[in-house]
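The values are calculated or read from the model by the stated rules, or taken from the named source; none is laboratory data. Since the model is a prediction, treat every value here as computed from it, not as a measurement. Methodologically, a virtual Cβ is constructed for each residue, glycine included, from the backbone with ideal geometry; neighbour enumeration extends over all protein chains shown.
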């Protein structure tokens with residue numbers, strides 16, 4: 001007997017593969033027609049397959065029941081996705097982009113990030129009870145960077161091609177890539193101060209002075225500056241080595257295309273071992289790798305990198321949907337739900353929009369106010385926020401007193417877990433539905449108005465004129481339909497009359513003849529009498545000439561020929577004597593009957609000349625009768 005192997009590995013492979021396969025069947029419809037982001041769809045799928053619903057994906061079992069191990073798995077997963085995404089983001093930028101566009105980037109990454117950090121922290125401080133401003137600064141720093149994964153989905157696709165100028169797309173990619181790594185100084189300024197000054201510095205020594213020293217030395221010098229230098233060096237060396245191998249035909253096409261992704265894996269691993277900022281190093285390495293724009297142009301039409309990017313995005317957001325603490329949004333000890341929902345709305349509206357509206361005139365890529373509103377609103381919170389969340393929770397677990405996590409650190413860790421996860425879910429939902437809802441709000445009133453108008457027109461047929469149809473009525477179809485209806489009517493009438501005659505026992509009589517047949521017989525008789533009164537062909541021609549003459553001279557009836565009445569005469573007939581015309585009167589028209597065409601029309605003094613052929617005689621020509629003179 002075969003044994004069923006229903007183990008977690010098989011279930012995960014079947015669930016992930018089945019979802020991606022089904023999603024791929026309608027991916028173009030969902031993303032390009034309905035403008036739904038794959039992040040939103042994947043998160044909902046992760047929620048459906050999670051222990052909160054169908055229980056196909058069991059994250060806690062994969063971590064052997066340890067919450068810490070589960071957070072470590074999620075942390076490494078986000079590092080991997082961010083590393084690959086940021087190398088690809090750096091590769092997408094044009095040649096020497098960080099050097100040529102340093103002014104707008106310095107505004108967005110300098111005062112722009114500071115303003116976003118302070119606004120978000122103030123909102124958190126106002127809405128979350130029982131926390132101080134340092135705690136709010138730590139929460140605000142985690143959600144200050146814009147997520148490159150969600151930003152990439154916004155600046156790509158049909159909507160972006162139609163509505164977002166390419167320079168604006170590039171500046172969004174560059175900002176989201178750079179500010180992810182630059183979130184470390186904002187976060188660790190608050191964390192170091194909390195560690196050495198919170199709860200009166202219980203369990204640690206050094207105070208605020210040591211906190212600032214560690215912030216400058218470890219955060220700025222070792223984490224930020226060294227990661228920038230390391231990323232630039234590795235990216236430049238990778239570019240030169242790939243040039244050397246390509247010139248000598250040492251590298252095949254497959255290895256060439258996957259080179260940027262393997263470079264991302266190398267940087268994530270090496271910088272992670274050094275304990276520096278691997279996120280920022282990956283972005284700098286990607287931009288240095290394509291500094292001469294060679295690799296970007298060579299791989300512009302290739303689909304391998306976007307394919308791997310899509311697989312990573314779908315996987316990570318499905319994982320987020322499965323590991324998200326959904327139940328804690330309602331049942332927690334740090335913030336009630338009636339405060340959490342307004343906090344999410346206020347953060348999405350005020351975190352980034354005021355900054356962009358304030359500085360957009362100094363950023364040349366933001367040309368119009370609508371572009372500023374778009375950039376200000378679409379500052380998504382996603383993978384990078386979860387990355388900084390677990391960086392913070394790992395740091396706070398090391399603040400211990402007597403072998404236990406210090407009370408203020410534990411409280412901050414719980415606040416960050418609930419608030420940051422909720423803000424991520426809000427951003428995925430709102431930013432994932434904003435474009436389709438905006439399109440719906442734009443087209444729905446027009447559709448309703450058109451439907452109401454068409455119903456009103458169809459309800460009042462007399463309002464629709466026949467000449468509104470440019471093609472005109474279909475006469476042939478109308479005649480055929482009328483003949484068919486008459487045939488059906490005759491058959492029905494005949495069968496009815498037959499049944500009546502049989503029921504009454506009559507074998508003859510004219511009373512059963514339908515009225516329609518009698519009417520038809522009457523019309524036939526009238527036609528026969530009219531044909532008997534019609535003259536023969538020869539008489540008809542003579543009568544027509546006489547009637548024409550009589551009608552022309554005012555002798556009574558109108559002519560019996562079809563043609564325009566009261567025709568306007570242009571010029572003089574050639575066979576008639578010319579009328580006195582002033583010089584320069586222009587061309588004249590003559591009307592004559594061709595030879596052998598029958599009797600010509602007599603012309604009187606007031607007769608309008610008629611004929612079958614027309615010719616034009618100009619003022620300097622003589623009449624036909626005068627040519628031989």
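Assorted remarks:
- For the residues 409, 466, 373, 459, the requirement of being surrounded by fewer than 22 Cβ atoms within 10 Å (Cβ to Cβ) and modelled with pLDDT of 90 or more singles out 373.
- In the condition set (1) at pLDDT 95 or above; (2) more than 16 Å from residue 282 (Cβ to Cβ); (3) touching a helix residue (DSSP H, G or I) at 6+ places or on another chain (Cβ under 7 Å), residue 236 is compliant with all but (2).
- Boolean, residue 396 is buried (at least 20 other Cβ atoms within 10 Å of the Cβ) and within 18 Å of residue 343 (Cβ to Cβ): no
- Within segment 286-309, the set of residues being under 11 Å from residue 84 (Cα atoms) and crowded, with 20+ Cβ neighbours inside 10 Å comprises 286, 309.
- Residue match in segment 200-223 (condition: assigned to a helix (DSSP H, G or I), under 41 Å from the mean Cα position of the chain (by Cα), under 19 Å from residue 107 (Cβ atoms) and touching a residue at least 12 places away in the same chain (Cβ under 8 Å)): no
- Test result for residue 306, more than 27 Å from residue 55 (Cβ to Cβ) and assigned to a loop (DSSP other than H, G, I, E, B): no
- Test: residue 124 is under 26 Å from the mean Cα position of the chain (by Cα) and either surrounded by fewer than 23 Cβ atoms within 10 Å (Cβ to Cβ) or at pLDDT 95 or above (or both): no
- Subset of segment 366-389 that is assigned to a loop (DSSP other than H, G, I, E, B) and in contact (Cβ under 8 Å) with a residue 60 or more places away in the chain - its residue that is farthest from residue 175 (Cα to Cα): 367
- Qualifying residue in segment 390-400 (condition: in contact with a helix residue (DSSP H, G or I) (Cβ under 9 Å, 6 or more places away or on another chain), part of a helix (DSSP H, G or I) and more than 27 Å from residue 115 (Cβ to Cβ)): yes
- Given (1) modelled with pLDDT under 80; (2) out of contact with any helix residue (DSSP H, G or I) (no Cβ under 8 Å at 6 or more places or on another chain); (3) assigned to a helix (DSSP H, G or I), number of the condition residue 414 does not satisfy: (1)
- Residue among 101, 67 that alone is more than 17 Å from residue 314 (Cβ to Cβ), over 28 Å from the mean Cα position of the chain (by Cα) and in contact (Cβ under 8 Å) with a residue 40 or more places away in the chain: 101
- Flag for residue 218 being surrounded by fewer than 21 Cβ atoms within 10 Å (Cβ to Cβ), at pLDDT below 90, out of contact with any strand residue (DSSP E or B) (no Cβ under 6 Å at 6 or more places or on another chain) and farther than 26 Å from residue 436 by Cα: no
- Residues that are free of Cβ contacts under 8 Å to residues at least 60 places away in the same chain and either surrounded by 16 or more Cβ atoms within 10 Å (Cβ to Cβ) or within 26 Å of residue 265 (Cβ to Cβ) (or both), drawn from segment 49-63: 56, 62, 63
- Residue match in segment 87-97 (condition: more than 30 Å from the chain's Cα centre (by Cα), within 30 Å of residue 303 (Cβ to Cβ) and surrounded by fewer than 20 Cβ atoms within 10 Å (Cβ to Cβ)): yes
- Test: residue in segment 150-164 that is buried (at least 19 other Cβ atoms within 10 Å of the Cβ), without any contact (Cβ under 8 Å) to a residue 24 or more places away in the chain and assigned to a loop (DSSP other than H, G, I, E, B): yes
- All positions within segment 224-268 that are in a helix (DSSP H, G or I), surrounded by fewer than 14 Cβ atoms within 10 Å (Cβ to Cβ) and within 38 Å of the chain's Cα centre (by Cα): 253, 254, 255, 262
- Residue match in segment 127-134 (condition: over 30 Å from residue 290 (Cβ atoms), without any contact (Cβ under 8 Å) to a residue 60 or more places away in the chain and not in a helix (DSSP H, G or I)): yes
- Test: residue in segment 22-33 that is within 12 Å of residue 317 (Cα to Cα), in contact with a helix residue (DSSP H, G or I) (Cβ under 9 Å, 6 or more places away or on another chain) and crowded, with 19+ Cβ neighbours inside 10 Å: no
- Subset of segment 340-365 (residues that are assigned to a helix (DSSP H, G or I), touching a residue at least 12 places away in the same chain (Cβ under 8 Å) and surrounded by fewer than 14 Cβ atoms within 10 Å (Cβ to Cβ)): 342, 345, 362
- Qualifying residue in segment 321-344 (condition: modelled with pLDDT of 95 or more and under 30 Å from residue 218 (Cα atoms)): no
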